[in-house]
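What follows is a short report on a single structure.
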Amino acid sequence: MAEEAARRAVAALPLLRTAAGPRDRERWAERLKEEYRALIQYVENNKNADNDWFRLESNAEGTRWFGRCWYIHELLKYEFAIEFDIPVTYPGTAPEIAIPELDGKTAKMYRGGKICLSDHFKPLWARNVPKFGLAHLMALGLGPWLAVEIPDLVAKGLIQHKEK
């Protein structure tokens, strides 16, 4: 069921066309416009489906991204700061999302709080370069990771709701 919901969410996202990264100054501006369009569409779709779960913004160059994400578990909202840099080889390489406050709390995370997306998401990203962008990273990377890891971390007592 969750997989089907993810497929519908991604199907509603525009595919990106410009194969340019931060080193390609002229074409990077066009890619960034496509990224923002897809992110805006994804956020609007989520709000319409009553599934709003993140806020994201970037520096002026669009190379460093930061914001907040949240996951509702047993009617409690767990909120986390997120951050990532656009790799110089982008879009050939997917960004690595970090949730610093969860660093070291799960095996599905690398040093610095970077979430593990290598088994499931990165092969999918590689097959869809340059069509996938940051909205796809959120929908198929961070979203499913939160859905699996947050309930597990709560059950193990590794994270607690802020009001407890």
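The values are calculated or read from the model by the stated rules, or taken from the named source; none is laboratory data. No experiment lies behind these values; they were computed from the predicted model shown. Reconstructed Cβ throughout: ideal geometry from the backbone, glycine too, with neighbour counts over all protein chains shown. We work out accessible area using only protein heavy atoms, side chains counted, and drop any ligands, DNA or RNA first. Shrake-Rupley method; radii C 1.70, N 1.55, O 1.52, S 1.80 Å.
Where residues in region 117-164 are charged (D, E, K, R) and in a helix (DSSP H, G or I), which of them is surrounded by the most Cβ atoms within 10 Å (Cβ to Cβ)?
Applying the filter and picking the extreme gives GLU149.
So how many residues does region 98-144 have that are touching a Cys at 6+ places or on another chain (Cβ under 8 Å) and among the aromatic types (Phe, Trp, Tyr)?
Here the count works out to 1.
Residues in region 49-60: is at least one part of a helix (DSSP H, G or I) and either at pLDDT 95 or above or over 22 Å from THR93 (Cα atoms) (or both)?
So far as region 49-60 goes, no, none of its residues is part of a helix (DSSP H, G or I) and either at pLDDT 95 or above or over 22 Å from THR93 (Cα atoms) (or both).
May I ask you to verify whether GLU26 is part of a helix (DSSP H, G or I) and either open to solvent by 70 Å² or more (accessible area, probe 1.4 Å) or in contact with a Gly (Cβ under 9 Å, 6 or more places away or on another chain) (or both)?
Spelling it out, GLU26 is indeed part of a helix (DSSP H, G or I) and either open to solvent by 70 Å² or more (accessible area, probe 1.4 Å) or in contact with a Gly (Cβ under 9 Å, 6 or more places away or on another chain) (or both).
Would you point out which residue out of TYR90, TYR78 is closer than 17 Å to GLU35 by Cβ and at pLDDT 95 or above?
None of the other options fit; the residue is TYR90.
Name the single residue, out of those in region 9-23 being surrounded by 12 or more Cβ atoms within 10 Å (Cβ to Cβ) and not in a loop (DSSP other than H, G, I, E, B), that is modelled with the highest pLDDT.
The extreme case among them is VAL10.
Considering only residues that are free of Cβ contacts under 8 Å to residues at least 60 places away in the same chain and crowded, with 17+ Cβ neighbours inside 10 Å, look in region 29-44 and name the one that is farthest from the chain's Cα centre (by Cα).
The selected residue is LEU32.
Could you grab the pairs with beta carbons closer than 6 Å, sequence gap of 6+ or different chains, first residue in region 135-164 and free of Cβ contacts under 8 Å to residues at least 60 places away in the same chain, second one of a type in the set (Val, Ile, Thr)?
Going by the 6 Å Cβ cut-off, the qualifying pairs are TRP145/ILE115; GLU149/THR106; LEU153/ILE159.
Can you tell me which residues in region 53-75 are open to solvent by 50 Å² or more (accessible area, probe 1.4 Å) and more than 28 Å from ASP24 (Cβ to Cβ)?
Matches in region 53-75: ARG68, TYR71, ILE72, GLU74, LEU75.
Looking only at residues that are of a type in the set (Asp, Glu) and in a strand (DSSP E or B) in region 76-115, which one is most open to solvent (accessible area, probe 1.4 Å)?
Step by step, filter region 76-115, then rank; the result is ASP85.
For region 104-115, which positions are under 17 Å from ALA155 (Cα atoms) and in contact with a strand residue (DSSP E or B) (Cβ under 8 Å, 6 or more places away or on another chain)?
The answer is LYS108, and nothing else.
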